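Each reported figure results from applying straightforward, stated rules to the coordinates on display, with no laboratory input. Quantities reported herein were computed from a predicted structural model and do not represent experimental measurements. FYI the Cβ positions are ideal-geometry reconstructions off the backbone, even for glycines, and counts take in every protein chain you see.
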Amino acid sequence: MSYLNNIKIDLSVVLGRSKMQVHQLLRLGRGAIIDLDTNENGEVDILANDQIVARGEIIVVDDAISIKITEKIAKFF
């Protein structure tokens with residue numbers, strides 16, 4: 001199964017979304033805060049190579065942040 005070590009997957013977790021005009025985006029500086037359409041207890045989307053594969057929830061314990069998978073998307077499993 002060492003051939004699996006050579007497979008590359010881009011993994012992303014989408015915490016929320018926000019709409020803004022391009023000129024607003026260009027004015028953002030380092031440390032800027034963008035309001036998202038969710039909160040810290042909201043559901044997140046988990047994407048592999050830009051395709052949604054699961055949904056989950058954020059778990060925070062002390063300084064560690066993790067994602068608990070709550071739903072797998074059937075077409076990928």
Check: Which of Ile46, Ile59, Ile33 moves the most in a Gaussian network model of the chain with Cα springs under 10 Å?
Finding: Ile33
Checklist line | Residue among Asp37, Asp62, Asp50 with the largest mean-square fluctuation in a Gaussian network model of the chain, springs linking Cα atoms under 10 Å | finding: Asp62
Item checked: Span per principal axis, largest first, for the Cα atoms of segment 8-76 (Å) -> 39, 31, 24
Check: Of all trypsin sites (Lys or Arg not before Pro) in the chain, which ones are in loop regions per DSSP and have a Cβ with at most 12 other Cβ atoms within 10 Å?
Finding: Lys8, Arg17, Lys19, Arg30
Check: Going by how many other Cβ atoms sit within 10 Å of their own, how do Leu36, Leu15, Leu4 line up, fewest first?
Finding: Leu4, Leu36, Leu15
